[in-house]
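Structure first, then comments.
The values are calculated or read from the model by the stated rules, or taken from the named source; none is laboratory data. For clarity, every value in this text was computed on a predicted model and none was experimentally measured. Please note: Cβ atoms are built from the backbone with ideal geometry, for glycine as well, and neighbour counts cover all protein chains shown. For the accessible areas, the whole protein counts, side chains as well, though only heavy atoms, and no ligand, DNA or RNA atoms are used. Shrake-Rupley method; radii C 1.70, N 1.55, O 1.52, S 1.80 Å.
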Amino acid sequence: MRYYFVMKWTDQIRRVKILLVVAAVLIAVVSLVVSHFLVRDLYTEERNRMEVWAEAMRSFNNADETTDLNLVLKVINENHTIPVIVMDSSGKATTFRNVEMHATDYADSLRQATLIGKTLQEKGRVIKIDLTSGDELDNNDVKSFNGNAENAGEQDFISVCYDDSIMLKRLSRWPYIQLGVVVIFVVVAIFALLTSKRAEQNKVWVGLSKETAHQLGTPISSLMAWTEILRETYPKDTLIPEMENDVRRLQLIADRFSKIGSLPEPVPTNLKEVMDHVVDYMNRRTSQKVEMIKDFPRHDVIVRLNSSLFEWVIENLCKNAVDAMEGSGRIVLHIEALTDRVVVEVSDNGKGIRKKDIANVFRPGFTTKQRGWGLGLSLAKRIVEEYHHGRIFVKSSELGKGTTFRIELKV
């Protein structure tokens, strides 16, 4: 039942993260769609304004003494946002407006405007107006004018080249800025969620460990006193040394719990001796049907360790292996010294781990045992990675054949 509630809580956290990502994607998609229609409408409106502006330029060029220029000049002068360049039939700029130039004089500005205008023409951002009829020309009409000398002399036209206004350019960039903001929000939200979850787990683990060590302290002290009394009363009893070993074992366990939450200082330690202690302990506490095989190098392997905590890690792996083998099988402990790291592997020939569960074996609360708490491997991961700055992971696992856990420690 406890395992069910833990996994249910974990699934809820996972669903919250998925909902955040889905909400961010929906917001980004809706924003892009709305901005697309808005930009399209604004582009159409600017195109219509340019057609009116081009007609005003035609009226201005064909003006005579009877033409009222007040309305024409008002239309021309009211364009303060849309960059526009007017080019004659020969392809040279005659005037420009709202275009930023870096030129020494007006003639140089016109040369630059000519180049910009040709670029806009290639993009299709141009309106060609016949000065004689006032009709808008397409490319075929322009080619026919250029190819006929008489028509070119009689019928002239202008090209009004325009670009997007600053507002339209900013609006077209806005969806991508908004998308970036949404992505940052989701990342920060997920990071905050994971951080708060981890902080809460750490507080629970540290508090539980400290309280366990405190509660064990008093009965262990009493047991030590009673064993001393028994030793004096029955000096020849062979069971008393075994009782003392068990009491020392309890004291070691209490010491391990008291160190959770602090950062114990690792010291240079012979890894082979640490592994020998674990093998001796497991041999005394497990069935004779479980064979412990040591695959160690002949020379000493010195690594900076907190021996009591690291023994706890190996014991957890060995106990899980015994459970996976259901009390009968073989456990191989392998040590390999490389140039930049030391490798420790614990292998068994038990029932193995399902592929979909491999990614969750170190998650707090995850267990396949009926009465397990799912904290052993999560604590082992914390001891290896946070206290010893190493790595622990499932190297391989196959159903019905066994599992190999691998620990890598820096030399």
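Solvent-accessible area per residue in the stretch 257-411 equals 52 Å², computed with a 1.4 angstrom probe and all protein chains kept. Remark on the stretch 307-411: ratio of C-alpha radius of gyration to 2.2 N^0.38 Å is 1.02. Counting protein heavy atoms only, the stretch 42-112 has 51 percent of its accessible area on carbon and sulfur, 1.4 angstrom probe.
Extension gain, R391 to N62: 0.36 nm times the residue separation minus the Cα-Cα distance gives 110.1 nm.
With K and R counted +1 and D and E -1, the other residues having a Cβ less than 15 Å from that of K355 yield a net charge of +3.
Once both labels are positioned 7 Å from their Cα atoms along Cα-to-Cβ, the gap between A225 and R304 label points is 4.1 nm. Simple spin-label estimate for R354 and E326 gives 1.7 nm between the two label positions (7 Å along the Cα-to-Cβ direction from each Cα). Scalar couplings 3J(HN,Hα) for the stretch 31-45, obtained by applying the Karplus form with A = 6.51, B = -1.76, C = 1.60 to θ = phi - 60°, are 4, 5, 5, 4, 5, 4, 5, 5, 5, 4, 5, 5, 5, 4, 5 Hz; x denotes Gly and Pro. Estimated at the nearest 10 Å², the accessible area of R284 is 150 Å² with a 1.4 Å probe.
From the alpha carbon centroid of the stretch 36-64 to that of the stretch 290-319 is 82 Å.
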